[in-house]
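Following: one structure in structure tokens, then a few remarks.
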Amino acid sequence: MKYRFSKEDSVLQFWSGGADSTYLLLQNLMCKRRVTCVYVSIVNNRKKCDREAAAREKLKEDIKIFCKHFDCPEPSYYHDSAISIYGKSFNDCPMPQQIMFAMFSLLLGNDFGEIQMGVVLGDSMRGVHFNEAIVDAYKESTYHTFPPVTYPIEDVSKEAIYLTLKGYDGTLGTDFIGHLTCCEQVEKPCGKKKVCHPCQTQAEVFRRLKWTK
């Protein structure tokens, strides 16, 4: 099926291959929106970038199944290597300002209704929204109009996200839960030790859901 999209239906969304951004992506697709996914690589954490790239490749197959089942338009994927910022992890960056600055180069000549970030309930970034003064300053220097930056799932819990994704797996035969990545370790993945904060958060959510012994 061919879809016709208005500017308001066109979204530029960050997609890492983690649970939050994948959940947001599927919600957008379910609403029949035209989604362009973009990934921001962290220059000083190549191993993490490689793990997330591998996760996204697997998830793309799950997304194809999802779109076919729900009759959704498939997303487009902007070149992963196009945007890089310095910093070992997001915690070492002036988030989300630095990432958004990198994003602006993508917006020139494109027509999106909004830019979306998958910040969720309990996230350290929740409530720390992009400084609109920076947007205004950029507009003044480039004479371009930029879409609003939105946080559509900031009131959605991690538990709700994982339960939803698991529900899709049970219905569609996909493996969203198995293909997700969250580890931010610089070299080797956490494994069972759960050293990094995202892995610890996921483990705690799984315990609350009684998905682990």
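The values are calculated or read from the model by the stated rules, or taken from the named source; none is laboratory data. Since the model is a prediction, treat every value here as computed from it, not as a measurement. Methodologically, a virtual Cβ is constructed for each residue, glycine included, from the backbone with ideal geometry; neighbour enumeration extends over all protein chains shown.
In region 1-27, the residue that is modelled with the lowest pLDDT out of those that are in a helix (DSSP H, G or I) and surrounded by fewer than 21 Cβ atoms within 10 Å (Cβ to Cβ) is Lys7. Restricting attention to region 163-183 and to residues that are assigned to a loop (DSSP other than H, G, I, E, B) and of a type in the set (Ser, Thr, Tyr), the residue that is farthest from Arg56 (Cα to Cα) turns out to be Thr174. Just one residue in the set Cys190, Cys182 is more than 17 Å from the chain's Cα centre (by Cα) and of a type in the set (A, V, I, L, M, F, W, C); that residue is Cys190. The set of residues from region 193-207 being part of a helix (DSSP H, G or I) and under 21 Å from Asn45 (Cβ atoms) comprises Lys193, His197, Pro198, Cys199, Gln200, Thr201, Gln202, Ala203. Summed over region 145-155, residues that are of a type in the set (Ser, Thr, Tyr) and surrounded by fewer than 19 Cβ atoms within 10 Å (Cβ to Cβ) total 2.
Okay, residues lined up against (1) surrounded by 15 or more Cβ atoms within 10 Å (Cβ to Cβ); (2) within 21 Å of Arg51 (Cα to Cα); (3) not hydroxyl-bearing (Ser, Thr, Tyr):
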| position | (1), (2), (3) |
| --- | --- |
| Thr171 | no, no, no |
| His179 | yes, yes, yes |
| Cys183 | yes, yes, yes |
| Cys196 | yes, yes, yes |
| Gln200 | no, yes, yes |
| Ala203 | yes, yes, yes |
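Looking across region 28-44, the residues that are outside any strand (DSSP E or B) and at pLDDT 90 or above come down to Asn28, Leu29, Met30, Cys31, Lys32, Arg33.
Counting only residues that are touching a residue at least 40 places away in the same chain (Cβ under 8 Å) and buried (at least 17 other Cβ atoms within 10 Å of the Cβ), region 41-57 holds 8 of them. Quick check on region 156-163. Is at least one of its residues surrounded by fewer than 19 Cβ atoms within 10 Å (Cβ to Cβ) and either farther than 16 Å from Val120 by Cβ or touching a residue at least 60 places away in the same chain (Cβ under 8 Å) (or both)? No, the conditions are met nowhere in region 156-163. Would you check if Ser76 is loosely packed, with under 15 Cβ neighbours inside 10 Å, over 13 Å from Gln116 (Cβ atoms) and at pLDDT below 95? So Ser76 passes the test.
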